[in-house]
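Engineer: Handing you a structure now.
The values are calculated or read from the model by the stated rules, or taken from the named source; none is laboratory data. Keep in mind the model is a prediction, meaning the values are calculated, not measured. With ideal geometry, Cβ positions are generated from the backbone for all residues, glycine too; neighbour counts draw on all protein chains shown. These accessible areas exclude ligands, DNA and RNA; they are computed on the full protein's heavy atoms, side chains included. Shrake-Rupley method; radii C 1.70, N 1.55, O 1.52, S 1.80 Å.
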Amino acid sequence: MRELSRREAQEVEIKLLEEFADICDQRGLRYYLAYGTLIGAARHEGFVPWDDDVDVMMPREDFERLRAEFDAWRLRPTSQFVHCRDGRSRFPFGRIIDTRTLVDENYCEGGEELGAWIDVFPLDDMPRYASGLFRRIAYWNAARMLAVSDAQKGASAVSRIAKRILVPLYRRKGSVHYAQKMDEAVLRWRDADSSCYAEILGVTERKKALPKEWFEPAMLPFELRDYCVPSNYDAVLTSCYGDWRELPPEDKRIPHPMKIYLKDDASLD
């Protein structure tokens, strides 16, 4: 296998994003650029220079349609939608992967074989009276990550010792089990405020309400193509990150700890 440069990996992900947006446009699905990808569009008109993945969000109804129909709707045979509900992913959100590639993530071992990806996060209505739900989500998410952690690696001696004790315990059931628990809990919750979204299975502030009025569709350029973003993307990003317009210090500009490879029998477009 050949290791891809960061730009080569980004170009693979751009193709996945283009395919995703084309499917959404053709099938009438709502989506928005999210997280670092939204910052990239708003601040750089493309990738944040040190970033190497793509994030999008979809209202739950559209997410479920995409998950169920992706195999029939996909535009490239090398694209695949993976999700914990199918037993193919250790994440409670969706991923569209390029099967020509293989990712080696630091601090992880075991788990499924993944290619370069874009993350697809569902937006759910904001749960009410849900402190217990959020506590369970936080616990299962920690268990999910421990289940695939490399017990020999850690940021400090204390974390390595803790992982040697905890990792074998959580690996018995496996990361997919805990991702499924997170997914099931959110799907079962019925008491919700339909005027606001929540990124319950997202990566920043799960408990924050995001008014749906922020999500009227607008467009921003990302890597030479316009994509859908929340009309009030400034409020969305400020809710997640605070002052997102300010570049972080250089020592905080850290890419994801992973390497992406092109499989021996594959070639890039």
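Engineer: Mind checking which residues of the range 196-207 are farther than 13 Å from P122 by Cβ and either touching an Asp or Glu at 6+ places or on another chain (Cβ under 8 Å) or of a type in the set (A, V, I, L, M) (or both)?
Structural biologist: Scanning the range 196-207 gives C196, E205.
Engineer: Could I ask something else about it? Any residue that is touching a Ser or Thr at 6+ places or on another chain (Cβ under 6 Å), open to solvent by 20 Å² or more (accessible area, probe 1.4 Å), more than 26 Å from E8 (Cβ to Cβ) and modelled with pLDDT of 90 or more - is there at least one of those in the range 110-128?
Structural biologist: Checking the range 110-128: at least one residue is touching a Ser or Thr at 6+ places or on another chain (Cβ under 6 Å), open to solvent by 20 Å² or more (accessible area, probe 1.4 Å), more than 26 Å from E8 (Cβ to Cβ) and modelled with pLDDT of 90 or more.
Engineer: Answer yes or no: is there a residue in the range 150-173 that is in contact (Cβ under 8 Å) with a residue 60 or more places away in the chain, farther than 26 Å from F20 by Cα, touching a helix residue (DSSP H, G or I) at 6+ places or on another chain (Cβ under 7 Å) and not in a loop (DSSP other than H, G, I, E, B).
Structural biologist: Yes: the range 150-173 contains one or more residues that are in contact (Cβ under 8 Å) with a residue 60 or more places away in the chain, farther than 26 Å from F20 by Cα, touching a helix residue (DSSP H, G or I) at 6+ places or on another chain (Cβ under 7 Å) and not in a loop (DSSP other than H, G, I, E, B).
Engineer: Is it the case, given these coordinates, that V203 is open to solvent by 20 Å² or more (accessible area, probe 1.4 Å) and among the aliphatic types (A, V, I, L, M)?
Structural biologist: yes
Engineer: While we're looking at this one, here's another question. What single numbered condition from (1) of a type outside the set (K, R); (2) farther than 14 Å from W117 by Cα; (3) open to solvent by less than 20 Å² (accessible area, probe 1.4 Å); (4) not in a helix (DSSP H, G or I) fails to hold for W50?
Structural biologist: Failing condition for W50: (3).
Engineer: Let me ask you something else. Could we say that K259 is of a type in the set (D, E, K, R) and not in a loop (DSSP other than H, G, I, E, B) here?
Structural biologist: In short, yes.
Engineer: Hey, another quick one. Please tell me if D55 is closer than 26 Å to N232 by Cα, part of a strand (DSSP E or B), acidic (D, E) and modelled with pLDDT of 95 or more.
Structural biologist: Here the answer is yes, as D55 does meet what is asked.
Engineer: Collect the residues in the range 129-146 that are touching a Phe, Trp or Tyr at 6+ places or on another chain (Cβ under 8 Å) and modelled with pLDDT under 90, keeping them in residue-number order.
Structural biologist: Listed by number, the list holds a single entry, L146.
Engineer: Follow-up. Against the condition at pLDDT below 95, open to solvent by 60 Å² or more (accessible area, probe 1.4 Å) and farther than 20 Å from Y35 by Cβ, how does K153 come out, does it pass?
Structural biologist: Taking the combined requirement at face value, the residue satisfies it.
Engineer: Among all residue pairs at least 6 apart or on different chains, which show Cβ distances below 7 Å where the first residue, located in the range 246-266, is of a type in the set (A, V, I, L, M) and the second is open to solvent by less than 50 Å² (accessible area, probe 1.4 Å) and assigned to a strand (DSSP E or B)?
Structural biologist: Close Cβ pairs (under 7 Å, with a partner that is open to solvent by less than 50 Å² (accessible area, probe 1.4 Å) and assigned to a strand (DSSP E or B)) amount to M258/V103; M258/E105; I260/T101; I260/V103; L262/T101.
Engineer: OK, next. Quick check on the range 223-241. Is at least one of its residues aliphatic (A, V, I, L, M) and over 25 Å from E18 (Cα atoms)?
Structural biologist: Yes, that holds for at least one residue.
Engineer: Next up: Taking the conditions exactly as written (out of contact with any Phe, Trp or Tyr (no Cβ under 8 Å at 6 or more places or on another chain) and surrounded by 13 or more Cβ atoms within 10 Å (Cβ to Cβ)), does A192 satisfy them or not?
Structural biologist: yes
Engineer: Could you please let me know if D183 is charged (D, E, K, R) and not in a loop (DSSP other than H, G, I, E, B)?
Structural biologist: Yes.
Engineer: Please determine whether any residue of the range 131-141 is out of contact with any strand residue (DSSP E or B) (no Cβ under 7 Å at 6 or more places or on another chain), among the aliphatic types (A, V, I, L, M) and over 30 Å from M1 (Cα atoms).
Structural biologist: yes
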